[in-house]
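Engineer: Take a look at this one; I'll ask things after.
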Amino acid sequence: MIEQPLKTVRTTQLDIAYEEHGPVTGDPIIMLHGFPYSPRAYDDIAPALAATGYRVIVPYLRGYGPTRFISADTLRSGQQAALAQDLLDLMDALCINRASLCGYDWGGRAACIVAALWPERVRCLVTGDGYNLQDIPHSTQPLAPDSEHRYWYQYYFHTPRGVAGLTENRRALCELLWKLWSPTWAENAARYPLSAPAFDNPDFVDVVIHSYRHRFMYALGDPALEWMEQALSKQPTISVPTISLCGADDGVGPAQESDEDIGHFTGPYERRVLAGVGHNIPEEAPEATLKALLDLLRH
């Protein structure tokens, strides 16, 4: 791992910590991690892109690492619209009018939302597991039992016991999720300690709990973002050039569950299933992730 000096930029709600690689004049690429991960997912990708002249920005999401809320009164929201707004605010604060986006899990959701609602801001998109927008109005409809059991942690977080469990056992719980979601990845034990400190953020638990409650309509969202949630409830399509990367061994979102996403993409779209890869796509498959980005950037 090559340590990058941390930078911070202030938005309306956050001081967003981020790592930056490459020349400031390069075409910008923003790479976004998920839950429970960190910018370490891109350790083998960001330097390679920077070496070819791209400006690569890898932020810590709200509730992770050194990123901090400015005000104690701000709702520690983890809703999908908040993640997307943070991405837009980051771009605006850094004077980036248009960027290439790469993300998975929470970060993929933010990237997909910005690509859907603000396509003029996105050159291209690499998304983990396809169309990541939550369909919240239909979230109470049960799935098949073999899908439901993989969401045990979400239902756990809906309870006070789950809040206490995440608070008291956050590192052990998140490490368990790493193992369950990437069951065939040999580097789990070696790589997890590099990301685990990011979960010590004082707002981590609140943001995570709100995220998993809001998506099932068990928590109210930020009123200022209600307009965006209404727009997302219509499941808008994504028109920017996109490559979807899906882990064949994903223990939480099996690849077959995203094989019908093509209807949500109206622009150039390709789906690539990665053998031997779980949920932590860029960290497990950096070469495939890098290739996807370069394939899009070169066209």
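Just so you know, all these numbers are worked out from the coordinates, no wet-lab data involved. Bear in mind the structure is a predicted one, so any value in this text is a computation, not a measurement. Glycine gets a Cβ as well: all are built from the backbone with ideal geometry, and neighbour counts include every protein chain shown.
Engineer: Going out from 0 in 5 Å bins, what whole percent of all Cα-Cα distances in the stretch 156-206 drops into each bin?
Structural biologist: Each 5 Å bin holds this share of Cα pairs: 4, 20, 27, 24, 15, 9, 2.
Engineer: Enumerate the lysines that LYS7 could reach by cross-link, defined here as Cα to Cα under 30 Å, with residues fewer than 8 away along the same chain left out.
Structural biologist: Here the lysines satisfying the reach criterion relative to LYS7 are LYS291.
Engineer: Considering the alpha-carbon set of the stretch 132-179 alone, what are its Rg and its Dmax in angstrom?
Structural biologist: Answer for the stretch 132-179, Rg first and Dmax second: 12.7, 33 Å.
Engineer: Something else now. Which percent, nearest 5, of DSSP beta bridges in the chain are antiparallel? Each step should come with its number before you reach the end.
Structural biologist: Details: 11 of 33 bridges.
Expressed as a percentage, antiparallel bridges in the chain total about 35.
Engineer: Something else now. Could you go through the stretch 28-43 in sequence order and give the Karplus-derived ³J(HN,Hα) for each residue, using 6.51 cos²θ - 1.76 cosθ + 1.60 with θ = phi - 60°, rounded to whole Hz, and x for Gly and Pro?
Structural biologist: x, 10, 10, 10, 10, 8, x, 9, x, 10, 7, x, 4, 4, 10, 4
Engineer: Stick to the Cα atoms of the stretch 6-297, pair each with every other, and give me the Kirkwood hydrodynamic radius in Å at one decimal.
Structural biologist: By the Kirkwood definition, the hydrodynamic radius is 18.9 Å.
Engineer: Report the normalised scattering of the stretch 82-131 as log10 I(q)/I(0) at q = 0.27 Å⁻¹, calculated by the Debye formula with identical scatterers on the alpha carbons.
Structural biologist: -1.02
Engineer: Then there is this: When a footprinting reagent is the concern and you count Cβ atoms within 10 Å, what order do ILE238, ILE70, ILE243 take, fewest first?
Structural biologist: With the sparsest Cβ surroundings first, the list reads ILE70, ILE243, ILE238.
Engineer: If you don't mind, there's one more thing I want to ask. May I ask you to evaluate 6.51 cos²θ - 1.76 cosθ + 1.60, the Karplus curve with θ = phi - 60°, for each residue of the stretch 5-18 and list the ³J(HN,Hα) values in order in whole Hz, giving x for glycine and proline?
Structural biologist: Once rounded to whole Hz, the list reads x, 6, 10, 9, 10, 9, 10, 5, 10, 10, 9, 8, 8, 8.
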